[in-house]
């Protein structure tokens, strides 16, 4: 079957810290010109979907209705009416509200005392000891523990910085409880993709493109589709990847050239 949809990671693939990687914007345009839908599937949980979309628009990529984050996936694990302690950014708050639940601030001691059903943790730059203490109290008091993702590092133009998984790990250490994880490569993200694509989620017509095997590659495996790795993010050039991905290129532009090359021919240079 022909390629219909590319599920494309953002950080380390399209951009680094919001700065576009050379050739990535043009690569997305080429896919769309070829009739391929591009859906951006990111483990970045802090921004809202509107913020993700606006950041893409700022570099020349229109993505209305084509962005899924690990916060979107976290909503798959929240029930309407639940009280959710948010140890994360605005994207998590948005997802909690979308699930019909009540978001509680991660530094709200009174809310924890009144009862918490779920703690959702992800990357946020105001995380501190008090937020760790309250999240620990809520989970030890019986709240379920949900991680938006377990990515320990986050690629930036200056090099990797601690990711949401580092915050999650601190809470897991304090509580002795391992979270249910929402983002790639886990089942809630698979469900979020199926919810968005509907009948277009045929694995034979999908390709996942990302920058690391442990998240993007395993995500493709969960979906049952092909995987293309780029070397502009968490997996540097020359690092062996096993099992070998279906496509392997130095950047998004190179992988897209291979994808769009006529069957049986070498990809254009």
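Could you please find all residues in the range 236-269 being within 24 Å of residue 156 (Cβ to Cβ), touching a helix residue (DSSP H, G or I) at 6+ places or on another chain (Cβ under 9 Å) and either at pLDDT 95 or above or in a helix (DSSP H, G or I) (or both)?
Result: 245, 248, 249, 251, 252, 253, 254, 255, 256.
Just the residues that are in contact (Cβ under 8 Å) with a residue 60 or more places away in the chain, closer than 22 Å to residue 124 by Cβ and not in a loop (DSSP other than H, G, I, E, B), please, taken from the range 164-201.
Once the filter is applied, which keeps residues that are in contact (Cβ under 8 Å) with a residue 60 or more places away in the chain, closer than 22 Å to residue 124 by Cβ and not in a loop (DSSP other than H, G, I, E, B), the range 164-201 yields 164, 167, 171, 180, 188, 189, 192.
If residue 18 meets every condition in (1) without any contact (Cβ under 8 Å) to a residue 60 or more places away in the chain; (2) outside the structural domain of residue 204 (by TED's automatic domain parsing); (3) closer than 23 Å to residue 163 by Cβ apart from one, which number is that one?
(2)
Scan (1) modelled with pLDDT under 95; (2) buried (at least 18 other Cβ atoms within 10 Å of the Cβ); (3) in contact with a strand residue (DSSP E or B) (Cβ under 7 Å, 6 or more places away or on another chain) for the single condition residue 200 breaks and write down its number.
(2)
Considering only the range 72-85, I want to know if a residue exists there that is within 18 Å of residue 165 (Cα to Cα), touching a strand residue (DSSP E or B) at 6+ places or on another chain (Cβ under 8 Å) and part of a strand (DSSP E or B).
yes
Return yes or no: is residue 56 farther than 25 Å from residue 169 by Cα, buried (at least 23 other Cβ atoms within 10 Å of the Cβ) and at pLDDT 95 or above?
Yes; evaluated as a whole, the condition is true for this residue.
Of the conditions (1) surrounded by fewer than 19 Cβ atoms within 10 Å (Cβ to Cβ); (2) assigned by TED's automatic domain parsing to the domain that holds residue 167; (3) within 30 Å of residue 230 (Cα to Cα), residue 65 satisfies every one except a single condition; which number is it?
Residue 65 satisfies all of (1) surrounded by fewer than 19 Cβ atoms within 10 Å (Cβ to Cβ); (2) assigned by TED's automatic domain parsing to the domain that holds residue 167; (3) within 30 Å of residue 230 (Cα to Cα) except (2).
In the range 12-29, which residues are touching a helix residue (DSSP H, G or I) at 6+ places or on another chain (Cβ under 6 Å) and at negative phi?
Correct list: 13, 14, 24, 27.
Here are some conditions: (1) within 27 Å of residue 120 (Cβ to Cβ); (2) surrounded by fewer than 19 Cβ atoms within 10 Å (Cβ to Cβ); (3) touching a strand residue (DSSP E or B) at 6+ places or on another chain (Cβ under 6 Å). Residue 153 meets all but one. Which one does it not meet?
The one condition residue 153 does not meet is (3).
Among the residues of the range 224-234, which ones are modelled with pLDDT of 95 or more and buried (at least 23 other Cβ atoms within 10 Å of the Cβ)?
227, 228, 229, 230, 232 - these are the residues of the range 224-234 that are modelled with pLDDT of 95 or more and buried (at least 23 other Cβ atoms within 10 Å of the Cβ).
The values are calculated or read from the model by the stated rules, or taken from the named source; none is laboratory data. Just so we're clear, the structure is a prediction, and the values are computed from it rather than from any experiment. Positions of Cβ are backbone-derived with ideal geometry, glycine not excepted, and every protein chain shown enters the neighbour counts.
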